[in-house]
There are 2 protein chains.
Amino acid sequence: MNTALDQLSSLANERRLAVFRYLVTLGSGGAPAGDIAVYMNVPANTLSAQLSQLSRAGLITGRREGRSIIYSVNFDAIGGLILFLLEDCCNGRSEVQTRILAAITDVCRDDKDCLDMADAVQMKKVQDE
Amino acid sequence: MNTALDQLSSLANERRLAVFRYLVTLGSGGAPAGDIAVYMNVPANTLSAQLSQLSRAGLITGRREGRSIIYSVNFDAIGGLILFLLEDCCNGRSEVQTRILAAITDVCRDDKDCLDMADAVQMKKVQDE
DNA sequence: ATTATATTTCCATATACGTGGAAATATGGA
DNA sequence: TCCATATTTCCACGTATATGGAAATATAAT
């Protein structure tokens, strides 16, 4: 829960949320701190502080490559945060959970891998009963 | 996205997150501001400020009942926030999305309604293809 | 009308947070 | 070794946020 709080505060800032969303679009490849600063039009040291906060919260990770430090999002972390919210919000409220579930399966409609695994999940669930 | 920011900042505070989670456990019934203040062991006016922020963000709503104002969580809003994060995080990353999907269906395993609706979603999805 | 209860608004204060200049650190190339 | 590049740390300043006392508002009961 303290992790969740850190992650929420990290995302609860316009610039950091923008950085995070930008990094999401870049996938695991990520981008060097300097490039992000240019893209965001922010001084390097200012951005560094933001990146370090996102990093402390576990939402992104930096790896050194030569002189650059490449930041990329930690997809597991955001998944964890989503689950935290989900468990919070769905405490005995199956309608909400189901509504979200529907939306998710909807979102992955065009994605073969996603559908296959969703099916697998469904199978496993049916087996369990 | 501005809504999401407001909601994130509202939850990014220890006390407010605690209030929110407490209200979640109470369901749509909610609780009067005063009771929440007692439960949280916080002066009424201080808590009032927190409630009003959660309310401005749309995460909770207050309805007057006699002298009391009853606050209860807005499940749609938290669902919306989850979807926002999900769309952000799953931009072309079906593994993550699927992992979360699996976790959700897992969470609702014991819940007949949830399963039924998950099945319905699954059906609809298969039809679409 | 008056009083009691529930909550909010106003306001002052303290603390936390975001920002960017200047200096420090780390790596790579000549 | 010396210089250039990439990023961070240090620090000071301004702004935003959280807090709670005191007064205001709103409802209900007598």
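When the residues of the range A:47-85 are filtered to those that are of a type in the set (Ser, Thr, Tyr) and under 13 Å from the mean Cα position of the chain (by Cα), the one that is nearest to DNA strand D (Cβ to nearest atom) is A:Ser55. Every test in (1) touching a residue at least 40 places away in the same chain (Cβ under 8 Å); (2) within 10 Å of chain A (Cβ to nearest Cβ) is passed by B:Asn2 save one, and that test is (1). When the residues of the range A:53-78 are narrowed to those that are more than 15 Å from A:Pro32 (Cβ to Cβ) and among the small types (Gly, Ala, Ser), which ends up farthest from DNA strand C (Cβ to nearest atom)? Step by step, filter the range A:53-78, then rank; the result is A:Ala77. Of the residues making up the range A:24-46, those that are more than 7 Å from DNA strand D (Cβ to nearest atom) and more than 14 Å from chain B (Cβ to nearest Cβ) are A:Ala31, A:Ile36, A:Val38, A:Tyr39, A:Met40, A:Asn41, A:Val42, A:Pro43, A:Thr46. The numbered conditions (1) without any contact (Cβ under 8 Å) to a residue 24 or more places away in the chain; (2) closer than 16 Å to A:Ser9 by Cα are all true for A:Asp76 except (2).
Counting only helices (runs of 4 or more DSSP H) that sit completely within the range B:34-129, those holding 2 or more residues that are closer than 30 Å to A:Val19 by Cα and at pLDDT 80 or above correspond to B:44-56, B:75-89.
The values are calculated or read from the model by the stated rules, or taken from the named source; none is laboratory data. Note that the coordinates shown come from a computational prediction; the quantities given were computed from them, not determined experimentally. Backbone-built Cβ (ideal geometry, glycine too); neighbour counts: all protein chains shown.
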